[in-house]
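Input: a single structure, listed below in structure tokens.
Please treat every number below as a calculation from the coordinates, not as lab data. Just so we're clear, the structure is a prediction, and the values are computed from it rather than from any experiment. All Cβ positions, even for glycine, are placed from backbone atoms using ideal geometry, and neighbour counts span all protein chains on display.
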Amino acid sequence: MRNAILAPEPHLPVHRGFTIVEMLATLAVIAIVLSLIFPAVSTIRRQAGSVSCQANLRQLHGAFEIYRTAIKGMLPICDFLPASTPEGPVGGLPEVLAKTLERDCACWYCASDADEKGSRMTGTSYFYVPGLLRYSPQVQIQVGVLMLSSQGEVMTERQRDRRRREAEAKLVGALYDRSPREFAVLTDSQDRHVIGDRNPRNAVYIDGSVGILRDPAEEEEGG
């Protein structure tokens, strides 16, 4: 009887599990990578939101200029924000530009709006600056003098309101003519575009330029 020749068994690899130290080191590396990625992603999202917001402002300014051309270069005079009512937003620039730009256009809302419900109630994320400047003392004092001088004229209430609005439009327009870089036309109604430790607003100016809301004091300090 022949002796059977036994073939040597193949060498099997030895699998070794992770040690606790290796697992902790791996988790630490992952945590470091995530800590680097998340701020970068957040920054990219903020920048994308700001770019989208500026695109909205350009579109709104285009509609604003079409309307302004139709009224011989005058500024529309309306409330700086529409009023929120149970029936929906009333007044403001969205109502003025309704024939030029649909009131439900997405361009009325900032992509970074943190108060979407509130903005929907007022119909826009954006603040119409001339609608606030009309109430400044330097405008209202002159409007008051003009209206007093026309007391002897026979006018209906509608005609008198039109006369007042035209005077406000001319006086506010003069502010923009004199200092076009000082006053924006439309701005974000809230600070929502974080840049470092700042929360500046986006704005569009009378010449159509769009960017971060300028601070005249800072510009003077910077020369």
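Things to note:
- The HN-Hα couplings worked out from phi for the range 103-114 by the Karplus form 6.51 cos²θ - 1.76 cosθ + 1.60 (θ = phi - 60°) are 5, 9, 4, 4, 5, 6, 10, 6, 5, 9, 5, 8 Hz, whole numbers, x standing for Gly and Pro.
- Projected label points at Leu27 and Leu213, each 7 Å from Cα along the beta carbon direction, are separated by 4.5 nanometres.
- Volume in Å³ per residue [convex hull over Cα atoms, computed for the range 43-101]: 106 Å³
- With the highest mean first, a sort of the peptides 92-101, 79-88 on other beta-carbon atoms found within 10 angstrom per residue produces 92-101, 79-88.
- Peptide packing: for 68-74, 25-31, 167-173, 152-158, the average count of neighbouring Cβ atoms within 10 Å per residue gives the ranking 167-173, 68-74, 25-31, 152-158, highest mean first.
- Karplus-derived 3J(HN,Hα) values for the range 72-80, using 6.51 cos²θ - 1.76 cosθ + 1.60 with θ = phi - 60°, are 6, x, 6, 8, x, 10, 7, 5, 5 Hz; glycine and proline are entered as x.
- Convex hull of alpha carbon positions in the range 149-190: directionally averaged projected area 4.6 nm².
- For the range 66-152, the C-alpha radius of gyration divided by 2.2 N^0.38 Å, with N the number of residues, is 1.29.
- In the calculated pair-distance distribution of the range 117-191, the portion above 18 angstrom amounts to 51 percent of the Cα-Cα pairs.
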